Structure formats: C-alpha cells, structure tokens
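Just so it is clear, none of the values below were taken in a lab; they were calculated from the coordinates. Here the structure is a predicted model, which is why all the values come from computation and not from measurement. Note that we place each Cβ from the backbone using ideal geometry, even for glycine, and neighbour counts take in every protein chain shown.
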Amino acid sequence: MIVATHGRLGEVLVETTNMILGRESALRPFIFPEDEAPKASFKRLDSLIRKCETGHGVIILVDLFGGTPGTLALSMLDEQQVEVLTGVNQAMALAAATIDPKHDLRKACAAIVKSGKDSIKEAGALLKT
C-alpha cells in the first residue's frame, strides 16, 4: 500500500504507523514534489506500484480528492489493479498496515475507510455527555 500526499505528510504517516506498530509496515510513502514534472511523477508512482504489487492489487491512500497526488493516483486506475482512497488519516494508515496483503481489494478498502471514519470524533461533545 502506498501513502501519496502533498509534502512530507505521507512519509510522516508511514513513520508514525511504524512507530505505533513497533515494526516496519508494508506502507510506502510517495512524496510529490511541487517542482517535479507530472510525467516524471507518473513514472515514479508507476514504478512504486509495480514494486508493491503482490498479485492482489495496490491501495493508494491520498490526502485530498482533487489534489495533485490524488489526481496522479487516479490516473493509475486504468493502468494497473489499483484502488485510491482519499482523506487519509492516521487511523486509515494503521488499518492499511495491519490488513493482510492477500485480503480482497474491495474488502480491504472498505475496512480502511471504515476505520478512518470511525476515528473522527468531536471529543469535547463526547466528554460532555
């Protein structure tokens, strides 16, 4: 699985996931430099997808739907067995890192999205009730 974001966010999410798990996960960051040509970024992402592919597809977690990393990842949908999840947060990264890589791609995506949504809380309101 790949975490593709603006700036170093993806790298930090992967590092933090590894720290929480106490081991290196299968997550790989993809940093999108703003000064890199889109064609070069496409080639780098394509290469990373091929390295991550184990025959079960690759999930790419991106920060923003419509942002450059997300658009770049979406352009891969027709190229390879890829799924793109937007709005990545730490809970999603942890869920992705702990899912069996042989898990069905659609089921894995659903579990990751659920984990991300379930982690969003209005903490003050919860504490006041």
remark   = Placing each pseudo-label 7 Å from Cα in the direction of the beta carbon, Ala40 and Asn89 end up separated by a distance in nanometres of 3.5 nm
ask   = region 63-86 to region 112-129: how many Å between their Cα centroids?
value = 26 Å
query = Just for the chain, what percent of DSSP beta bridges are antiparallel, to the closest 5?
reply = 0 percent
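With contacts defined as alpha carbon pairs under 8 Å and 6 or more residues apart, what's the relative contact order of region 44-129 in percent?
Worked out over region 44-129, it gives 27 percent.
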key: Neighbourhood net charge (13 Å Cβ-Cβ; Lys/Arg +1, Asp/Glu -1) for Gln80   = -3
note = To the nearest 20 debye, the chain has a Cα-centred charge dipole, built from +1 on Lys and Arg Cβ and -1 on Asp and Glu Cβ, of 320 debye
message = Using square roots of five times the C-alpha gyration tensor eigenvalues, list the equivalent-ellipsoid semi-axes of region 2-128 in whole Å, biggest first.
response = 24, 17, 14
query = Can you give the three extents of the C-alpha atoms in region 29-101 along their principal axes, from longest to shortest, in whole Å?
reply = 34, 26, 18
ask   = Three principal axis extents, largest first, for the C-alpha atoms of region 1-71, in Å?
value = 36, 27, 19
